[in-house]
Amino acid sequence: MAQIVAMYNNKGGVSKTTTLFNLAVFLSRGGKRVLVVDCDPQCNVTEMFFASTDLLDDPDRDLPGTSIYQALHPRFAGDTRSIDAASIQLVDSGIYPNLSILRGDLEFTMAENYFGNAWNQAITENINEKNTYVVFYRMLHTLAAVKQFDYVLCDVGPSTGAITRTVVLACDGFIVPLTPDRFCYQAVRVLGSVIRQWIERHDQITRTFTPFGIDSFPGRPLMLGAVIQNFKVHSGRVKESYVKWQNMIAEKIASDLLGPGGVDAGPHCDPKHPFVATIRDVGPLAPVAQMFGRAIFDIRQEDTKVASTTGQMYYGTVWQPWLEKMGEYQSEIEKIAKVLP
């Protein structure tokens, strides 16, 4: 059975999408069948996925495959109880075998209203809203089974809205990307209680399902770990200001996110040492990788032409640090892969 995982933080700018895309590529290169589901109406991971093609050059040209909004629209319109997974056209990566996407859609922002209504009214006798409440979970699991995926990775926006709630609770687990700063410290303080409230509301809603013959779902995602990233290193050591925020965030994860009233930790997540990977600032590697739709650890030497002011490819002592950073980055992504269910 496929494992469904989200990369989630209600704070933006913490490299959720970049980390998710690189994790997806790493798993697919290891022989796993991986589906990326773009649940963020900003469609950033969709942009990253198709950046290896010329499909983004013409803004008037429709991207191939079914979008997430198109897939769910029959339920939003009340035309069907469940989504026919076989009718959803996924897009395979042109450069990474075993990697596919259910692409994003700017119109998916309208799902905020549909899922919002479901969260408010599915607790009543309104069968239509009950079916909308469970449709995303049903679709992901059916899609994974029909298409035989090993992993489904969901990219969500930095919000606590109805789309995010629906996606996170449909997952088996989630990983929290963080940067060592005050803003992530504040975000972690409330994240545990926010998700716990979602779980409690889910329990209240799904207890009303049995008389209507509607199957429920667990709605209890585990926190699989946190990833601290985008910090600076000097002379091989993490700068002290980052270390202080990292330690303070770790304490908040233990006391608030995973503490009483928070969420449950996954089997490989130690509440006292929640960081399963530490990724330092990769500098120009990230924008170059985005330009070619490649994983950061898979940048080609010829790709460095776009990073050079002369347009010349990097060689020798200039290229070597890139290779070292790519190797280091891949090692950290591998650590994330090891804590997946």
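Computed on the chain, with alpha-carbon pairs under 8 angstrom and 6+ residues apart, the relative contact order is 22 percent. Kirkwood analysis of the Cα pair distances in the stretch 224-281 returns a hydrodynamic radius of 12.0 Å. Between ILE95, ILE299, ILE123, which gets the highest mean-square fluctuation from a Gaussian network model of the chain, Cα cutoff 10 Å? Per the Cα network of the chain with a 10 Å cutoff, ILE95 tops the list. Secondary-structure-derived ellipticity at 222 nm for the chain, considering helices only, amounts to -13000 deg cm²/dmol, per-run term -39500 (n - 2.57) for DSSP H runs with n ≥ 4. Pairs of C-alpha atoms in the stretch 1-141 farther apart than 21 Å represent 47 percent of all such pairs.
Quotient of the Cα radius of gyration of the stretch 104-173 and 2.2 N^0.38 Å, N being its number of residues: 1.15. The P(r) of the chain has a tail past 37 Å containing 18 percent of all C-alpha pairs. Start at zero, step by 5 Å, and the Cα-Cα distances of the stretch 165-242 spread as 3, 12, 18, 17, 14, 10, 8, 7, 4, 3, 2, 1, 0 percent across the bins. Taking label points 7 Å from Cα along the Cα-to-Cβ direction, SER241 and GLN312 give a separation of 3.6 nm.
Split the accessible area of the stretch 1-160 by element, probe 1.4 Å, and carbon with sulfur accounts for 44%. Computed over protein heavy atoms with a 1.4 Å probe, the carbon and sulfur contribution to the accessible area of the stretch 167-265 reaches 49%.
Here the stretch 295-341 is treated as a Stokes sphere of Kirkwood radius computed over C-alpha pairs; at 25 °C and 0.890 mPa s its diffusion coefficient rounds to 208 µm²/s. Annotation: per residue accessible area for the chain equals 44 Å², rounded to a whole number [probe 1.4 Å, protein chains only]. Among GLN121, GLN229, GLN320, the largest mean-square fluctuation in a Gaussian network model of the chain, built with springs joining Cα atoms closer than 10 Å, belongs to GLN320. Of all DSSP-defined beta bridges confined to the chain, some 15% are antiparallel rather than parallel. Which percent of Cα-Cα pairs in the stretch 261-328 sits in each 5 Å bin, short to long? Using 5 Å bins, I get a P(r) of 3, 14, 22, 18, 10, 8, 9, 7, 5, 3, 1, 0 for the stretch 261-328. Ellipsoid semi-axes for the stretch 23-76, based on the Cα gyration tensor and the rule √(5λ), read 21, 18, 10 Å when sorted largest first. When the accessible area of the stretch 291-341 is computed with all protein chains present and a 1.4 Å probe, what percentage of it is carbon and sulfur? After summing per-atom areas, the C and S share lands at 51 percent.
The values are calculated or read from the model by the stated rules, or taken from the named source; none is laboratory data. What you see is a predicted model, and the numbers here were worked out from it, not measured in a lab. All Cβ positions, even for glycine, are placed from backbone atoms using ideal geometry, and neighbour counts span all protein chains on display. Quick note on the areas: whole protein, heavy atoms, side chains included, nothing else; ligands and nucleic acids left out. Shrake-Rupley method; radii C 1.70, N 1.55, O 1.52, S 1.80 Å.
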